[in-house]
Amino acid sequence: MSDALELIARSFTLVTTFQGVVIALFIAFLMTRYTRILYFGFLAILIDQFLAVLHLAYRGRDLDDLSEEASGILGALEIDVIVVRFVGYLALITVLFFAKQFLFERD
């Protein structure tokens, strides 16, 4: 049980940056049904990595350096970091989705 709580705590520290919260908020408002949470969690990870590559481009790198940096980012990702980030996005998107349901879709 403590391992699961440690995983959730670690995932929140990775995802609760400004960029992570904005991504989770955007995805929570895109979701119409909670049954598609796994798909949207994967989408959040893809958007997060895409923004990381765009950040490198914004810093003024040329396209050759950018492609090398992007492959370096993809190569540096370890499966445990991806799993932790995925769990963090799932938890954050879940909270924001149900908050949206409670606040905006009351009958």
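LEU92 passes every criterion in (1) modelled with pLDDT of 85 or more; (2) surrounded by fewer than 15 Cβ atoms within 10 Å (Cβ to Cβ); (3) part of a helix (DSSP H, G or I) apart from (2). All conditions in (1) surrounded by 12 or more Cβ atoms within 10 Å (Cβ to Cβ); (2) at pLDDT below 90; (3) assigned to a helix (DSSP H, G or I) hold for ARG61, with the sole exception of (3). Only one of the numbered conditions (1) at pLDDT below 90; (2) surrounded by 16 or more Cβ atoms within 10 Å (Cβ to Cβ) is violated by LEU54, and that is (2). The residue list PHE40, PHE29 contains one member that is of a type in the set (Phe, Trp, Tyr), touching a Lys or Arg at 6+ places or on another chain (Cβ under 8 Å) and at pLDDT 80 or above, which is PHE29.
The values are calculated or read from the model by the stated rules, or taken from the named source; none is laboratory data. What you are looking at is a predicted structure, and each value in this text was computed from that prediction instead of being measured. No Cβ is skipped: glycine too gets one built from the backbone with ideal geometry, and neighbour counts run over all protein chains shown.
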